[in-house]
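The block underneath contains the structure these notes are about, expressed in structure tokens.
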Amino acid sequence: MKTAVVVFPGTNCEHDVMWALKVLGAEAELVWHRETDLSEFDGVILPGGFAHGDHLRTGAIARFSPVMDEVIRMAKEGKPVLGICNGFQILCEAGLLPGALLQNRDLKFICKPIHVAITATDSILTRAAEVGQILSIPLNSYEGNYQAQEDVSDRVVAVYCDENGLVDESTNPNGSQGNAAAVSNATGNVAGIMPHPERAIEAILGSSDGQILLKSFQESLGVVHV
Amino acid sequence: MWSMSKTETPLYEQLGMTHEEYQRLLEILDREPSHAELAMYSVMWSEHCSYKSSKKHLGRFPTEAPFVVVGPGENAGVIDIGDGWLAAIRIESHNHPSYVEPFEGAATGVGGILRDVFTMGARPVGLWNQIRFGPLDDAYNRYLLSGVVSGIAGYGNAVGVPTLGGELAFEECYSGNPLVNVMCLGILKREQLVLGTAGTPGTMAVLLGNATGRDGIGGASVLASASFDEESTTKRPSVQAGDPFEEKKLIEACLELYQKDLVVGVQDLGAAGLSCAFSEPAGRAGVGLDVDLDSVHVREPDMTPAELLMSESQERMMAFVHPSKVDEVIAIAHKWEIDASVVGEVKEGGTLTIRHEGEIVAEVSAASLSDDAPLYDRTSGEPAWIEDIWTNTMSLLQPPNLSEALLMLLDDPSLADPRWVYQQYDHQLFLSTVVEPGHDASMLRIKGTQKGLSVSTDGNGRHCYLDPRRGGARLVYESALNVAMTGAKPMAVVDNLNFGNPEKSDVMWQFIETVEGISQACEELGTAVVGGNVSFYNETDGQDIYPTPIVGMLGLADPMPERPPRLDGAAEGMELLMVGPRRSRNLAGSAFEKVMYSHVGGRPDDPDPVMARAVIGMAIELASSGLAPAMHDISEGGAALCAAELAIASSVGLTLQFTKWEGLFAENPNRFLAAVAPQDVAAVEALAVKYRVPVSQLGLFGGDHITYTNGGPETASLSLERATHTYEKAIPRRME
């Protein structure tokens with residue numbers, strides 16, 4: 001089982017995702033955004049960063065990168081597709097996930113550890129976790145404010161909260177609708193998360209709570225989601 | 001840029017050159033310079049590029065040590081950290097551009113320092129920013145802070161290099177002249193080290209990255225090397241505009257070139273643009289260069305040779321490449337979606353020949369540009385006023401209200417929680433940040449090894465104003481102690497020397513004294529200065545800033561402690577110990593006197609090098625032992641503030657006993673606090689005996705109050721909740 005980790009010009013979390021997957025014993029390979037054949041891969045991760053310099057709008061140019069045809073094909077085939085931070089923004093722009101990510105409520109970049117609570121386990125991101133499980137994971141974004149016009153409440157798989165699981169405006173770091181931190185598509189095989197699970201893999205860096213999310217992804221490889 | 005309306009001013013003067021310097025140029029050339037030549041000399045001989053006022057004194061710095069691989073003079077200093085690993089480090093200032101245009105000024109400062117480091121073959125792994133402004137009650141200062149922080153965040157986050165720390169301070173003297181310094185650390189394997197050399201005849205010069213435009217023309221000369229007045233914001237066109245996305249691609253492309261061993265040498269394009277990128281590598285290699293300016297990829301048409309040579313367009317690098325490898329270099333550039341053009345060829349002899357539209361527009365000695373700038377031996381003298389400020393000590397008839405004093409320190413933006421700033425910076429990328437910003441030193445691991453690199457940057461304008469020599473030395477001891485408290489041995493120093501107008505003898509005296517103080521302390525500790533930067537002319541309307549050297553210290557822990565001490569490591573029931581001299585009561589230059597009474601006077605103590613070495617030695621061993629889960633130096637705000645910071649960070653109350661209230665606020669760079677479990681106190685005391693360092697039990701963590709008592713009426717008591725709220729909100733409440 002092998003995962004493609006896509007690198008757009010301006011992506012900067014690709015090595016961190018590779019490191020995290022290596023710590024978990026998973027097999028993965030970096031793939032340049034001009035690649036047009038991902039047939040050897042069982043899943044794909046779009047890591048964080050600033051693809052194409054975030055020019056125009058986050059993810060707006062990246063969705064046209066040559067590799068995206070393959071990402072869309074894999075999504076349609078039910079293979080696991082995960083977007084982290086900027087990757088989440090790209091998946092929304094590509095129409096693989098509902099909604100969009102706007103500028104943070106306070107118009108400031110936010111880099112700090114936050115808490116999320118798992119709200120659904122029917123996705124490639126959360127299948128190994130339990131509903132109500134609280135994880136400490138770093139947030140690192142300027143456009144992390146998730147908004148959707150349609151009702152996506154049943155697609156939200158994790159919400160921002162505090163260490164006790166309180167979910168309200170005071171524990172919402174960026175203004176996201178319903179405190180949404182991660183969402184999936186209806187079949188659960190495409191997921192996007194704004195905080196960075198790959199930054200919470202080793203206790204020495206503050207938290208290893210992100211392991212459960214990447215393990216979920218890993219366990220989803222080879223399983224067809226329809 | 002050299003406007004027609006100023007025809008009465010000679011061109012050389014418009015370009016920032018003095019009459020004497022122009023005469024020297026005439027002597028060197030033995031003829032009138034062409035417009036293009038004059039442009040090149042004006043930027044290369046600027047204070048910013050040539051260090052013409054400071055060079056004579058910079059030789060004082062101790063720059064040699066067994067671990068030094070590359071000392072000052074290259075794009076960055078490089079040290080050996082063992083097992084084939086090297087670390088590259090560099091510091092720079094972007095003071096004037098940041099005042100004129102805070103976002104772009106700060107952003108391009110970040111971009112420039114990154115290029116200095118990846119020019120050496122290193123991957124940049126961390127950035128540190130030292131920023132100073134006037135008080136936040138002034139709206140323009142709030143605008144500057146906000147703009148500078150956004151600029152640093154906007155560039156650093158997007159370019160994909162974590163910002164791991166820095167400093168934030170506010171002082172009246174920086175109101176018209178903020179200080180924006182930035183430091184970068186990179187790591188590399190020894191075989192990837194690249195120097196800024198043009199190589200041998202036949203080598204091709206390949207310009208990589210951004211297209212050259214009309215931005216930043218004269219940034220080094222007319223902006224960075226001149227004093228300020230009310231008209232200064234009209235210099236905005238001399239500020240460059242940055243594009244972190246271009247830089248990110250340039251970093252990755254260059255690292256691939258190094259990895260595949262495709263370059264002979266590399267020079268970044270920063271101040272003085274192409275003029276520097278042609279002359280410095282050729283000068284270092286003792287060769288000449290034939291350049292065709294028509295090959296330079298440009299952003300706009302009809303640029304003159306002078307504009308092309310002076311432009312400070314960002315995100316450009318000059319690679320010197322063997323002819324057989326040029327195609328491969330260009331292919332890699334194109335893969336990373338950056339532009340590349342072959343712009344010159346290295347020649348025998350030392351002549352830099354520059355052609356434009358078929359004609360030779362400049363023909364000068366490369367080395368004369370980089371090395372023959374006039375050197376000044378500026379007049380210096382102990383200022384008449386220094387004795388007056390030394391005797392201007394403060395005394396109080398009554399002891400101060402200690403609760404109020406503590407509250408005011410906690411609420412002071414220079415001392416309070418800097419989270420508002422660093423939470424806007426990505427400080428986690430690369431999964432290496434073991435101790436994050438907000439601590440005395442940040443620590444990053446080198447993955448795949450046992451090594452930890454620890455970095456602290458420190459500055460204190462008040463102390464240096466009161467005594468530049470002692471102030472300079474204290475910074476070195478303070479930063480060394482900060483690094484030691486993560487278990488790392490202090491090794492290399494970079495300094496950024498921010499001073500006023502060097503044409504004033506007072507300022508030159510401050511400069512020379514500071515260099516002496518830093519040098520002496522480095523010698524005492526066996527650390528080497530591997531690089532630095534001098535920023536003069538930090539004056540506005542004739543008012544100089546405090547002499548403000550910034551010391552950046554790089555230390556190595558090998559192996560890195562399993563759990564380096566942190567500010568939030570204290571817990572209920574732990575003892576608070578103080579390590580270092582017990583009696584330290586001099587309040588000269590202290591935050592206490594400044595914040596409570598707006599007093600800056602007296603003379604700070606001369607730091608004791610023997611005690612410094614002992615305390616630093618003990619701090620390294622203690623931090624590595626795991627006996628002290630929390631450690632904190634006693635710097636600004638004294639033990640009163642620093643102990644409260646431990647309590648606040650750890651969310652636990654504290655009761656502390658003192659004898660003399662002055663001791664609560666004294667700042668001594670040879671002291672630190674440690675939180676230690678009761679059963680480990682004896683072991684720590686034994687360590688203190690081994691290092692011959694005094695240790696005292698100051699108090700006990702527990703409860704929900706921070707209480708300082710001498711058993712009498714002089715008592716401070718604040719609820720932990722109030723202290724925490726005050727400390728955390730000091731900056732946000734002023735900014736929002």
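The values are calculated or read from the model by the stated rules, or taken from the named source; none is laboratory data. Bear in mind that the values here come from a model prediction, so they are computed numbers and not experimental data. Note that each Cβ is placed from the backbone with ideal geometry, even for glycine, and that neighbours are counted across all protein chains shown.
Just a few scattered comments:
- Any hit, region A:2-11, residues being charged (D, E, K, R), surrounded by fewer than 23 Cβ atoms within 10 Å (Cβ to Cβ) and in contact with a strand residue (DSSP E or B) (Cβ under 6 Å, 6 or more places away or on another chain): yes
- Identity of the residue in region B:430-448, farther than 28 Å from residue B:644 by Cβ and not basic (Lys, Arg), that ends up modelled with the lowest pLDDT: B:448
- Count - residues of region B:323-354 that are modelled with pLDDT of 95 or more, small (Gly, Ala, Ser) and in contact with a strand residue (DSSP E or B) (Cβ under 6 Å, 6 or more places away or on another chain): 4
- Residue tally, condition more than 14 Å from every other protein chain (Cβ to nearest Cβ) and in contact with a strand residue (DSSP E or B) (Cβ under 6 Å, 6 or more places away or on another chain), over region A:135-151: 4
- Hey, residue B:511 within 14 Å of chain A (Cβ to nearest Cβ) and in a helix (DSSP H, G or I) or not: no
- Within region B:654-679, being touching a strand residue (DSSP E or B) at 6+ places or on another chain (Cβ under 8 Å), of a type in the set (Gly, Ala, Ser) and either surrounded by fewer than 20 Cβ atoms within 10 Å (Cβ to Cβ) or in a helix (DSSP H, G or I) (or both) holds for one residue alone: B:677.
- Breaking point among (1) within 14 Å of chain A (Cβ to nearest Cβ); (2) within 22 Å of residue B:514 (Cα to Cα), for residue B:464: (1)
- Against the numbered list (1) away from chain B (no Cβ under 14 Å); (2) under 26 Å from residue A:16 (Cβ atoms), residue A:224 comes up short only at (2).
- Residues of region B:150-174 satisfying the condition of being assigned to a loop (DSSP other than H, G, I, E, B) and either surrounded by 24 or more Cβ atoms within 10 Å (Cβ to Cβ) or modelled with pLDDT under 95 (or both): B:160, B:161, B:162
- Members of region B:526-578 found to be part of a helix (DSSP H, G or I) and either among the hydroxyl-bearing types (Ser, Thr, Tyr) or touching a strand residue (DSSP E or B) at 6+ places or on another chain (Cβ under 6 Å) (or both), listed by number: B:567, B:569
- Considering only residues in region B:419-436 that are in contact (Cβ under 8 Å) with a residue 24 or more places away in the chain and farther than 23 Å from residue B:85 by Cα, the one that is farthest from the other protein chains (Cβ to nearest Cβ) turns out to be B:421.
- Of all positions in region A:171-181, at least one carries a residue that is away from chain B (no Cβ under 13 Å), buried (at least 21 other Cβ atoms within 10 Å of the Cβ), aliphatic (A, V, I, L, M) and within 14 Å of residue A:117 (Cβ to Cβ).
- Scan of region A:5-44 for residues that are facing chain B (nearest Cβ under 9 Å), assigned to a loop (DSSP other than H, G, I, E, B) and touching a residue at least 40 places away in the same chain (Cβ under 8 Å), ordered by number: A:9, A:10, A:13
- Some residue of region B:151-169 being more than 14 Å from chain A (Cβ to nearest Cβ), in contact with a helix residue (DSSP H, G or I) (Cβ under 9 Å, 6 or more places away or on another chain) and within 16 Å of residue B:540 (Cβ to Cβ): no
- Of the helices (runs of 4 or more DSSP H) lying entirely inside region B:1-69, those carrying at least 2 residues that are modelled with pLDDT of 90 or more, over 18 Å from residue B:363 (Cβ atoms) and not aromatic (Phe, Trp, Tyr) are B:19-29, B:55-58.
- Flag if residue B:590 is more than 27 Å from the chain's Cα centre (by Cα) and buried (at least 20 other Cβ atoms within 10 Å of the Cβ): no
- On inspection, residue B:434 does not qualify as among the hydrophobic types (A, V, I, L, M, F, W, C) and assigned to a helix (DSSP H, G or I).
- Any hit, region A:45-58, residues being touching a Leu at 6+ places or on another chain (Cβ under 8 Å), modelled with pLDDT of 95 or more and more than 14 Å from chain B (Cβ to nearest Cβ): yes
- Hey, residue B:214 under 30 Å from residue B:540 (Cβ atoms), modelled with pLDDT under 80 and among the basic types (Lys, Arg) or not: no
- Selection status of residue A:166, in contact with a Phe, Trp or Tyr (Cβ under 7 Å, 6 or more places away or on another chain) and either β-branched (Val, Ile, Thr) or modelled with pLDDT of 95 or more (or both): no
- In region B:344-362, the residues that are surrounded by fewer than 23 Cβ atoms within 10 Å (Cβ to Cβ) and within 21 Å of residue B:267 (Cα to Cα): B:345, B:347, B:348, B:349, B:350, B:351, B:353, B:355
- In region B:437-456, the residues that are under 23 Å from residue B:649 (Cβ atoms) and within 8 Å of chain A (Cβ to nearest Cβ): B:445
- Scanning region A:45-65 for residues that are among the small types (Gly, Ala, Ser) and part of a helix (DSSP H, G or I) yields A:51, A:53, A:62.
- Qualifying residue in region A:123-144 (condition: among the aromatic types (Phe, Trp, Tyr) and under 14 Å from the mean Cα position of the chain (by Cα)): no
- For region A:182-226, the set of residues classified as under 16 Å from residue A:117 (Cα atoms) and aliphatic (A, V, I, L, M) consists of A:182, A:183, A:191, A:193, A:194, A:200, A:212, A:213, A:214, listed by residue number.
- Being under 24 Å from residue B:240 (Cβ atoms) and free of Cβ contacts under 8 Å to residues at least 60 places away in the same chain holds for only one residue in B:305, B:301, and it is B:301.
- With respect to being in a loop (DSSP other than H, G, I, E, B) and either touching a residue at least 60 places away in the same chain (Cβ under 8 Å) or on the phi < 0 side of the Ramachandran plot (or both), residue B:693 fits the description.
- Residues in region A:51-70 that are at negative phi and surrounded by 24 or more Cβ atoms within 10 Å (Cβ to Cβ): A:51, A:58, A:62.
- Among the residues examined, residue B:72 qualifies as under 25 Å from the mean Cα position of the chain (by Cα) and surrounded by fewer than 22 Cβ atoms within 10 Å (Cβ to Cβ).
- Tally, over region A:182-208, of residues that are within 14 Å of another protein chain (Cβ to nearest Cβ), in contact with a Pro (Cβ under 8 Å, 6 or more places away or on another chain) and at pLDDT 95 or above: 6
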